[in-house]
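Okay, so here's the structure we're looking at.
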Amino acid sequence: MSELRLPAELKFAAELAALEATDDALRPPQWRLSPKAVETYVMGSARPIGGVAITPKYYGDRALVQVAIATLASDRALMLAGEPGTAKSWLSEHLSAAICGTSLLTVQGTAGTSEDHLKYGWNYALLIAEGPSERALVPSPVMRAMRQGKIARVEEITRTSPEVQDALISILSEKQIAVPELNETVSAQRGFSIIATANTRDRGVNEMSAALKRRFNFVTVPVVDDLDQEIRIVQQREAQLRSDYQVGAPPPEDLTRLLVTVFQELRSGATKDGKTKVRTPNGVLSTAEAISVLFNSGILAQSFGDGAVGGVDVARALTGALAKEGADDLKVLREYLETVAKTRGGAWKAFYAAAKQTLA
Amino acid sequence: MAVSLAGVHLFPVRHHSPRAALCLRALLDEVRPALVLIEGPSDADALIPILSADDTKPPIAILAYRTDGTPQSAMWPFARYSPEFQALRWAHEHGAQARFIDWPSGMALAADAARAQTDSHRAAAASDEDTRPIAPEDAAPDRYRALAERFGLRHFDEFWDAFFETPCYQPASFRDALNAYAEWTAPAIERDAESALRDRVMGDAIAAAIASGTAPQRIVAVLGAAHVAALLRGDPAPQSALPDALPTALAVVPYSYPRLSEQSGYGAGNRAPWFYERAYEGGNDFAHASLLVLIEFAGNLRARGFSVSLADVIEAYRLARTLAEIRGKSAPGVDELSEATQATLARGEAAPIREFLLPLLIGRRIGQLGASAGRNSLQLEFAQGIAAYGLPQIDEPETVTLRLADSTQAGASLFLHRLRVADVPFASYVGSQSVLTRGRAEDDEAGGYGALSRVREHWEVQWSPATEVALAERVIYGERFAEVCERRLNEAIGTASLAADATRVLIDAVLTDAAQALARALDAAERLSSIDDDVVSLSQAARTLSALKSYGSSRPTLTQIAGTIERLLVGTFTRAMLRLPIACRGDVEASGDARSAMRTLHELALSQPALDRGTWMQTLTDIAGDEGLEATASGVAAALLYLARELDEADLRGLLERRLGDVIRPARAADFLAGFFQVNALVLLKNREIVAALSEFLQALSAQHFRDALPALRRAFAVLGASERRFLLEHLVGLHGRAAPAVATQVVAAADQQALSDLGAALGQALDDLGDLL
Ligand SMILES: Nc1ncnc2c1ncn2[C@@H]1O[C@H](COP(=O)(O)OP(=O)(O)OP(=O)(O)O)[C@@H](O)[C@H]1O
Ligand SMILES: [Mg+2]
């Protein structure tokens, strides 16, 4: 199973190697690729490069990706902010893989994240046996990134405590971490930078301080509201997941369209034609969630159905996803079925019937 | 043709391109021509001294408008960095002669009008739109977008900035680049007939200048790139004839940057005039202009209370330059500037960019005309009015509050009402209530019946080039605004077909002090009110006349005609009253007009001593009791009678019982109820007698009848707010004791819950609502 979770730099090693081999543009210090080549890696290329097809990783606004790259090229820290499931972590992973060859120097932000996770900790057995020493020091991913001149990723920064955020401020402004126990200071090598992600739904949990915000350039990753665009994303990502995991079944086009329509309508609170209002659920109906529902329907079809993805499978996967937030969201779905889905023809008919049954 | 133009310096431009202006000036300095020929209407030559005067400050425009009574105009705007403007300035500074060589404005307008006719979706735009005649380029926007996309850019403006504005050029290299560009965007095979005609007109004009003795080497001709390309190619002369010129008059008028930024078609695109001006002044150094903009923007943000550090500004500047570099551009343009600012100073938010940065890049500049520019009498009167009343003259909406007790401010009100009636777009009436609430009452119109009783007026004032256009055009109606208003009100009287149309003009005539129109409007009102059958129109006319009678005493013009107004009021009211029962026939929808007329007339009957209150109440009584009329209307009449204390409680209960007793046709009873509640549900539901009658009615209904009446009942109860519901419930408790909630449900849901729950979702929903209600 472990190869399924390969980090981007390994999974796309061939693409990165081909880009590196053909890249003759100027590279910022320590960068593995030029900014242009990083952009090509993230956005994909219509023509193979060095004989290797470069697949698109992020589907969306090229300008946004350019701003992110330009930020890192001027060794400024980058903040990717946005709604859940908009590919913030995904972008962060691919950017660091392409720029410095590793996406693994990552700190996951949670309420329990402590300063040690950003700076360093100790191997207590060694610490007791030998006293403070270089050997006993356990550097954080950030400290390792500093030493190697690479990019550290700090995920979900809004979930961390104010103390941790303050620690990050000093790291970003001084570009060094003091280790008083060893009477030494680790300074960042050129090439060091940080990509943080922040979930805008978390606002208010730990609203970032102005001082912290000042240390970052902000790129807002948008929710996709164009139907065809989101269908394309969901289709392609689902197909990739299916091939990575070697499970599931390909969903027919009209069901994908149906599912993404449901997501967009529930998300925006109105039908696409703007004529009917619908209630919005509490749960997050992100693109990522749509991908996973579609992928799950394939697995359901394969394991419990006749192998072909039908309205039943999509309905089941969808109810499963919405049930996470509790009965209220299921009520929202029920209402949607009666007021919207019921009135539509084509694939909606089977979907409506199946969903009604699943909900009963 | 190409032969005859040999030796002439043909210089291709794009309108409002700083780079073109800069290169053109360099070329002019090098060639030092005796004659500068410029694309622009040839009948505007007389305006050249005004356009190029030292004290004329762009943005300005040549305005051409029709003088045959049809409203149509066009403008040729110039920014400081428009190559045409710099050509004029250069000629002025160096004693060279300048001349416009495009076809005359009358032909441009004729071509516009013809195009509008064949191209119906353009009709609206071209009829009264004050833009440079539509550039042929705008006809093929796809070609321009394709060009941008070919270079991986998002839109044409970005392409233009990247390829023409930001890179460095010598005049010769710029000319070659633009010629190549024109070959791509406007190839010979796609040349439309109109553009080809203008190619010929301008080519001929250049040839004529040579023929009359100026050496070709001493001529610089400044033309749009597509025209230059056509002349260089020597396109064959077009077959079609020139259009017949419409009669026009021309003037130079001030223009504004906000307007210029709206002209961002492909032909004359200019989305950020102030930014371009900054760049132009620094020799088209867009990087430097970006820094200036960022510093100013940071200042704006600070003034709004945001914390912005110098480090942020520097980072934004660095990021903009890095972005430009990544995109292979030589300097940041509007796009890089916006994106870099969003990522830094705006912390990822798009709103500050949209709301503060883009307006800043556009700028607020308004042009000024030099002393030599002649002004027509309306333009002068307008300028005097603005100065006398201290009104703002910026191209951005600003609210002005006038207290009419103050004589100067009353003067300002007269001035603004005259502009309004003269249809000069400058001030729009916002309302008489506090600006903060912004909630303008539905009937609080600039020239509405309430106009005479106002103590305060709020206006939203915004000068725009359209104001100047109107000032120039309206002169055909009169030399003074007072005169223009008289003429326009007379026109309105001529087209009035209802009494209300005529009385509306009466108010405007009073507001603008238009004595002749007042007399004529009075005649028209008298004539129309005796033949008008429309109760809405009659009731509105009566309301307006009543307002004139009540509030006219302070206006000398009105005291003389007070008698006439009163006679007219009584006549109009009486006619409306007589027509009212007839209008209350038909269905609920049809009676809507009658109901609103009824309420208007009722207010008048109560407030205006001149009117016959007794007959009015009798009319209402008849309507309330007449089963042959639409039931909602009867309900409204009953409620009005009760509130006017014309019915006592016992009478009302009797009436209600009679009207609600119709359990066989419960929908009619429910309509009656709906009308009844529409008037003042709160006062009505405070009365226990009324609630008792209601409760009895609902309890008496069978399940089947209840179901039939449900839609109408929902409509009736829908108007009730929280406090009405509270009273209703309190009375029900009083009537039925502690078991009220149970009774309440019963009242509404009748007995048969089971039967009702089968009625399907829509009905179930309605039932829930009614359950909530009680
Ligand atoms: N525009 C997109 N292009 C490519 N993939 C996308 C896009 N939007 C969503 N995805 C997919 O959605 C999945 C989830 O994305 P990711 O985990 O990066 O979201 P996130 O923004 O970090 O969410 P959270 O705030 O919950 O952490 C990824 O598999 C990603 O590929
Ligand atoms: Mg994430």
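Can you find even one residue in region B:278-298 that is within 12 Å of chain A (Cβ to nearest Cβ) and farther than 15 Å from B:R19 by Cβ?
No, there is no match, as no residue in region B:278-298 is within 12 Å of chain A (Cβ to nearest Cβ) and farther than 15 Å from B:R19 by Cβ.
Please state which one of A:A188, A:A210 is within 28 Å of B:L310 (Cα to Cα), away from ligand 1 (no atom under 12 Å from the Cβ), without any contact (Cβ under 8 Å) to a residue 12 or more places away in the chain and not hydroxyl-bearing (S, T, Y).
Values: A:A188 fails: without any contact (Cβ under 8 Å) to a residue 12 or more places away in the chain.
After applying the criteria, what remains is A:A210.
I need the full set of residues from region A:59-84 which are of a type outside the set (D, E), surrounded by fewer than 21 Cβ atoms within 10 Å (Cβ to Cβ) and within 15 Å of ligand 2 (Cβ to nearest atom), in order please.
A:P84
Could you list, in sequence order, the residues of region A:282-321 that are within 14 Å of A:V260 (Cα to Cα) and more than 20 Å from the chain's Cα centre (by Cα)?
Hits for region A:282-321 are A:S297, A:G311, A:V314, A:A315, A:A317, A:L318.
If A:A97 satisfies every condition in (1) within 12 Å of another protein chain (Cβ to nearest Cβ); (2) touching a residue at least 24 places away in the same chain (Cβ under 8 Å) but one, which is the exception?
For A:A97, the exception is condition (1).
Being in contact (Cβ under 8 Å) with a residue 24 or more places away in the chain and part of a loop (DSSP other than H, G, I, E, B) is true for just one of B:D68, B:D112. Which residue is that?
Just a single option satisfies the conditions, and that option is B:D68.
For A:S34, only one of the following conditions fails: (1) within 14 Å of A:G101 (Cα to Cα); (2) crowded, with 17+ Cβ neighbours inside 10 Å; (3) away from every other protein chain (no Cβ under 14 Å). What is its number?
Only one criterion is unmet by A:S34, namely (3).
For region A:189-243: of the residues being outside any helix (DSSP H, G or I) and among the polar types (S, T, N, Q), which is farthest from the other protein chains (Cβ to nearest Cβ)? Write out each step before concluding.
Keep residues of region A:189-243 that are outside any helix (DSSP H, G or I), which gives A:189-199, A:203-209, A:215-226.
Going one step further and asking which of them are among the polar types (S, T, N, Q), we end up with A:189, A:193, A:197, A:199, A:206, A:209, A:217, A:220.
Details: A:Q189: 21, A:S193: 13, A:T197: 12, A:N199: 13, A:N206: 16, A:S209: 11, A:N217: 4, A:T220: 4 Å.
So the residue we want is A:Q189.
Name the residue that is nearest to the other protein chains (Cβ to nearest Cβ), counting only residues in region B:332-352 that are surrounded by 24 or more Cβ atoms within 10 Å (Cβ to Cβ), part of a loop (DSSP other than H, G, I, E, B) and hydrophobic (A, V, I, L, M, F, W, C).
That would be B:A346.
Can we say A:K356 is assigned to a helix (DSSP H, G or I), over 30 Å from the mean Cα position of the chain (by Cα) and within 14 Å of chain B (Cβ to nearest Cβ)?
yes
Looking at region B:41-65, which of its residues are surrounded by 22 or more Cβ atoms within 10 Å (Cβ to Cβ), assigned to a strand (DSSP E or B) and modelled with pLDDT under 95?
B:I60, B:A61, B:I62, B:L63, B:A64, B:Y65
Under 9 Å by Cβ, and 6 or more places apart or on different chains, what pairs join a residue from region A:276-294 that is under 22 Å from A:K342 (Cβ atoms) and of a type in the set (K, R) with one that is part of a helix (DSSP H, G or I) and away from ligand 2 (no atom under 16 Å from the Cβ)?
Within 9 Å, the pairs are A:K277/A:T339; A:R279/A:L266; A:R279/A:K331; A:R279/A:V332; A:R279/A:E335; A:R279/A:Y336.
Sort out which residues of region A:24-50 are of a type in the set (D, E, K, R), in contact with a helix residue (DSSP H, G or I) (Cβ under 7 Å, 6 or more places away or on another chain) and either free of Cβ contacts under 8 Å to residues at least 24 places away in the same chain or in a loop (DSSP other than H, G, I, E, B) (or both), and write them in order of number.
A:R32, A:K36
Test each condition in (1) within 16 Å of ligand 2 (Cβ to nearest atom); (2) surrounded by 22 or more Cβ atoms within 10 Å (Cβ to Cβ); (3) at pLDDT below 95 for A:I195 and report the one that comes out false.
(3)
Checking the condition in the same structural domain as A:T106 (by TED's automatic domain parsing) and over 20 Å from A:R215 (Cα atoms), which residue from A:I171, A:I128 passes?
Among A:I171, A:I128, only A:I128 is in the same structural domain as A:T106 (by TED's automatic domain parsing) and over 20 Å from A:R215 (Cα atoms).
The values are calculated or read from the model by the stated rules, or taken from the named source; none is laboratory data. Not measured: the values here are computed from a predicted model. Note that each Cβ is placed from the backbone with ideal geometry, even for glycine, and that neighbours are counted across all protein chains shown.
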